[in-house]
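A short write-up of the structure that comes next.
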Amino acid sequence: MKEIKNVNYGLEKIFKGAKDFLPLLGTDYIEFYVGNAKQAAYYYKSAFGFQSYAYKGLETGSREVTSYVLKQDKIRIVLTTPLSSKSSINNHIVKHGDGVKVIALWVDDATRSWQETTKRGAKSYMQPTVEKDEFGFVVRSGIHTYGDTVHVFVERKNYDGVFLPGFIKWESDYNPESTGLKYIDHMVGNVGWNEMNKWVKFYEDVMGFVNFLSFDDKQITTEYSALMSKVMSNGNGRIKFPINEPAEGKKKSQIEEYLDFYEGPGAQHIAVATDDIINTVAMLRSRGVEFLSIPPEEYYSAVPLRLEKHNHKLNEDIDTLKKLGILIDADEEGYLLQIFTKPVEDRPTLFFEIIQRMGARGFGAGNFKALFEAIEREQLKRGTL
Ligand code: FE2
């Protein structure tokens, strides 16, 4: 297995970085615009083990949209569907299919976050807005990022309610067990040809992020559907946004397939962390989550050598990892275990990654070959290779 060597950790820049003008406390929520939020909520509860959390709709006085909020440990997802053809949300759904609209970031001061980013060139999506109810108030603001995707800054230090003003607690008699998903490790955006560096610059200049890791198309070998990727991180390392761009290869880039079907740039995958990937993946599989095909025998026979090279010892049973199709990658600092779902929409667009970090801070570059081969097998079936 050929490993990608030339990995550029920009950590010293992160730690010695200039004053952080956009301090981020974490991911607040991810909002999807979907065709039928009620049914999507059932899928995320049943398949992924999310819990019922909050709701707004006709019963709460929301005449235009229904939103279901689901939670699992620190992860909150919001599923929103418009209630009439007049809503502008329909344009998003018609163009992109179900997909991520909002990547919301938890901040201490949403007004200042908006001022600092818009004065550095961000296009405003939402001016600082105060929303109130009997539990206090929340301030939200927002800016546009790639495609039709936006970042909303959420200031909730003066709020005690369940989610946001306008939402009520969602009580349900149907509460499938959690699958052990804990928090969002990273979230990846796909952008168009020659646009990666533009968006890298956007995250650097407008949001104060740094380029933490880079992979170019020579590293991501041309035998396989090619891409380039740069990982952007905020100052405290809590938020990581890799940005992918397609590259010319012998076959059609998986990123180009995404751009064709999403009809533009957008969120490609959400990586969620677990402390026990074996248990998490076994549960997800038993509940019908579909994963990319299991790599061949040679992949797993090469794993002990890959770990030894960095003097790491695998705590998990390799036969169990193999049976579940979990991938293993190692770097100087440790190893990581990861697996990728098939797209969770009808269009081959958004998918999930499940990741367990055992010291490694990378993104599984050593698995790109096995991963791309599995994606290509799916592209072949879809007639998009
Ligand atoms: Fe990832």
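The values are calculated or read from the model by the stated rules, or taken from the named source; none is laboratory data. Small disclaimer: the values here were computed from a predicted structure and weren't measured. FYI the Cβ positions are ideal-geometry reconstructions off the backbone, even for glycines, and counts take in every protein chain you see.
Summary table below
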item	result
Residue, farthest from the ligand (Cβ to nearest atom), within the range 337-353, restricted to residues that are out of contact with any helix residue (DSSP H, G or I) (no Cβ under 6 Å at 6 or more places or on another chain) and not in a strand (DSSP E or B)	Asp346
Matching residues in the range 260-284 - criterion: being surrounded by fewer than 23 Cβ atoms within 10 Å (Cβ to Cβ) and away from the ligand (no atom under 16 Å from the Cβ)	Asp260, Phe261, Glu263, Gly264, Asp275, Asp276, Ile278, Asn279, Ala282, Met283
Which numbered condition Asp73 misses (of (1) surrounded by fewer than 19 Cβ atoms within 10 Å (Cβ to Cβ); (2) farther than 15 Å from Leu181 by Cα)	(2)
Check on Tyr68, among the aromatic types (Phe, Trp, Tyr) and over 16 Å from Phe352 (Cβ atoms)	yes
Single residue of the range 324-337 satisfying the filter (surrounded by 15 or more Cβ atoms within 10 Å (Cβ to Cβ) and over 14 Å from Asn367 (Cα atoms)) that is modelled with the highest pLDDT	Leu324
Any pair with Cβ under 8 angstrom, 6 or more apart, that starts in the range 199-211 at a residue that is aliphatic (A, V, I, L, M) and ends at one that is assigned to a helix (DSSP H, G or I) and at pLDDT 95 or above	Val206/Thr117; Met207/Thr117; Val210/Glu204
Residue within the range 325-336 that is within 14 Å of the ligand (Cβ to nearest atom), at positive phi and within 19 Å of the chain's Cα centre (by Cα) present	no
Selection count where residues are farther than 14 Å from Glu290 by Cβ and crowded, with 20+ Cβ neighbours inside 10 Å, scope the range 372-385	1
Set Arg357, Arg285: member being charged (D, E, K, R), within 23 Å of Tyr183 (Cβ to Cβ) and touching a residue at least 60 places away in the same chain (Cβ under 8 Å)	Arg357
Qualifying positions in the range 149-185 - within 16 Å of the ligand (Cβ to nearest atom) and in contact with a Ser or Thr (Cβ under 9 Å, 6 or more places away or on another chain)	Leu181, Lys182, Tyr183, Ile184
Thr349 vs. criteria crowded, with 18+ Cβ neighbours inside 10 Å and under 15 Å from Val272 (Cα atoms)	no
Count of the range 359-377 residues which are more than 16 Å from the ligand (Cβ to nearest atom) and in contact with a Leu (Cβ under 7 Å, 6 or more places away or on another chain)	1
Sole exception among (1) closer than 30 Å to Phe50 by Cα; (2) free of Cβ contacts under 8 Å to residues at least 24 places away in the same chain for Tyr159, by number	(2)
